[in-house]
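Participant: Questions regarding the structure given below will be posed in turn.
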Amino acid sequence: MSFEMNDDMKKWAKDLMSGLGIGAIWAPEGSGLTYKKMSDDTLLLTKMMNHPDVLENHARFTTIMMAIGINMAENEEVLFDAPANPEEAYMLEQQHKIDIAHGWKCECGSKLIEMPHETFTPRFLSSEEVLLENGDTDVVEIWGYLYECPDCDKAFNVDPDDYHLMAGDKLFMRYKIDDKRVMQAMTRREMIQAAKDQTGVLVGDACPITGGKVPTWLWGTYCFVVNSDEEE
Ligand SMILES: [Zn+2]
């Protein structure tokens, strides 16, 4: 297959490099490739799936990067086997994301993964209009978690998907009602029990208790109201 470099690709590569901090990981989802920015002009390949398409993508990417003066380095053992089935691929991708999340740090060096995730709750940031494939527009809500570093007090926003990776399902599937209570989505098993006991609260796009906004990923869930002091 022929491959021609153009200015758009170079611009894309420059933007990509300038957007990465030193030490940052770049691993596009599903690409089978993981890179780490070592310095302003060096990118290190740390992992590569052993698959012809992946090897070719890496070769193209290397060509583009070298065209803008970036040195491409490589760890000694970068190749890993391609997954045998979709389930294995999914597990591999999740594990891969968790590995990356373990490397996230605050400016002071403290690891995000070790921060008290249960103390941070989702907050609504903004509404944005997005263009759908059929030409219509839709409004999507942007949510985030406001983190405060316990070591240096720096505040920063964490994307909900990133929070999910670090905090796990249970903490991800809840929001704060007030200072004392949280709305916790049930697992399938808990829903079966709740159906027998006739308990629980159905949550739509507004909180059935306060009428306030509900994080989008909790719309249409069946929940418990949990008092914060009842836990553990
Ligand atoms: Zn910090």
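The values are calculated or read from the model by the stated rules, or taken from the named source; none is laboratory data. Fair warning: this is a prediction, and the values are worked out from it, not measured in the lab. In this analysis, Cβ positions are derived from the backbone assuming ideal geometry, glycine residues included, and neighbour counts consider all displayed protein chains.
Participant: Take the residues in segment 147-176 that are of a type in the set (A, V, I, L, M) and out of contact with any Lys or Arg (no Cβ under 6 Å at 6 or more places or on another chain), then tell me which one is farthest from the ligand (Cβ to nearest atom). Let's see the steps before the verdict.
Facilitator: Restricting attention to segment 147-176, the residues satisfying the condition of being of a type in the set (A, V, I, L, M) are 155, 158, 165-167, 171, 173.
Next, from what is left, pick out any that are out of contact with any Lys or Arg (no Cβ under 6 Å at 6 or more places or on another chain): 155, 158, 166-167, 171, 173.
Numbers: A155: 10, V158: 13, M166: 15, A167: 18, L171: 20, M173: 27 Å.
Ranking the qualifying residues of segment 147-176, first place goes to M173.
Participant: Are there helices (runs of 4 or more DSSP H) fully within segment 1-120 with at least 2 residues that are among the basic types (K, R)? List them. Give the steps one after another, and end with the answer.
Facilitator: Values: elements: 7-19, 52-67, 86-101.
Passing ranges, in order: 7-19.
Participant: Additional query: So, in segment 175-215, exactly how many residues are part of a strand (DSSP E or B) and free of Cβ contacts under 8 Å to residues at least 24 places away in the same chain?
Facilitator: Narrowing segment 175-215 to residues part of a strand (DSSP E or B): 175-176, 181-185, 201-203, 206, 213.
Checking which are free of Cβ contacts under 8 Å to residues at least 24 places away in the same chain leaves us with 202-203, 206.
Count: 3.
Participant: Look at Y222 and say whether it is in the same structural domain as F120 (by TED's automatic domain parsing), in contact with a helix residue (DSSP H, G or I) (Cβ under 9 Å, 6 or more places away or on another chain), surrounded by 16 or more Cβ atoms within 10 Å (Cβ to Cβ) and not basic (K, R).
Facilitator: Values: in the same structural domain as F120 (by TED's automatic domain parsing): no; in contact with a helix residue (DSSP H, G or I) (Cβ under 9 Å, 6 or more places away or on another chain): yes; surrounded by 16 or more Cβ atoms within 10 Å (Cβ to Cβ): yes; not basic (K, R): yes.
So Y222 fails the test.
Participant: Restricting attention to segment 111-126, which residues are in contact (Cβ under 8 Å) with a residue 12 or more places away in the chain and surrounded by 10 or more Cβ atoms within 10 Å (Cβ to Cβ)?
Facilitator: Across segment 111-126, the qualifying residues are L112, I113, M115, P116, H117, E118, F120, T121, P122, R123, F124, L125.
Participant: Could I ask something else about it? Can you go through L92, L33 and tell me which one is touching a strand residue (DSSP E or B) at 6+ places or on another chain (Cβ under 7 Å), of a type outside the set (V, I, T) and on the phi < 0 side of the Ramachandran plot? Give the derivation first.
Facilitator: Values: L92 fails: touching a strand residue (DSSP E or B) at 6+ places or on another chain (Cβ under 7 Å).
Checking each option against the conditions leaves just L33.
Participant: Please verify whether G103 is surrounded by 12 or more Cβ atoms within 10 Å (Cβ to Cβ), within 16 Å of the ligand (Cβ to nearest atom) and over 30 Å from R181 (Cα atoms), treating the condition exactly as stated. Outline the logic, then answer.
Facilitator: Values: surrounded by 12 or more Cβ atoms within 10 Å (Cβ to Cβ): yes; within 16 Å of the ligand (Cβ to nearest atom): yes; over 30 Å from R181 (Cα atoms): yes.
Yes, satisfied.
Participant: Would segment 132-146 turn up any residue that is within 16 Å of the ligand (Cβ to nearest atom), surrounded by 12 or more Cβ atoms within 10 Å (Cβ to Cβ), at negative phi and assigned to a strand (DSSP E or B)? Let's see the steps before the verdict.
Facilitator: If we filter segment 132-146 for residues that are within 16 Å of the ligand (Cβ to nearest atom), which is where we start, we get 145-146.
Cutting the leftovers down to surrounded by 12 or more Cβ atoms within 10 Å (Cβ to Cβ) gives us 145-146.
Next, only the ones that are at negative phi stay: 145-146.
Now drop any that are not assigned to a strand (DSSP E or B), which leaves 145-146.
The answer is yes, given that some residue of segment 132-146 is within 16 Å of the ligand (Cβ to nearest atom), surrounded by 12 or more Cβ atoms within 10 Å (Cβ to Cβ), at negative phi and assigned to a strand (DSSP E or B).
Participant: So, one more: Give me the pairs, please: first residue somewhere in segment 162-173 and assigned by TED's automatic domain parsing to the domain that holds Y147 and among the hydroxyl-bearing types (S, T, Y), second residue anywhere and surrounded by 19 or more Cβ atoms within 10 Å (Cβ to Cβ) and modelled with pLDDT of 95 or more, beta-carbon distance under 6 Å, and either six or more positions apart or on two chains.
Facilitator: Y163/Y145
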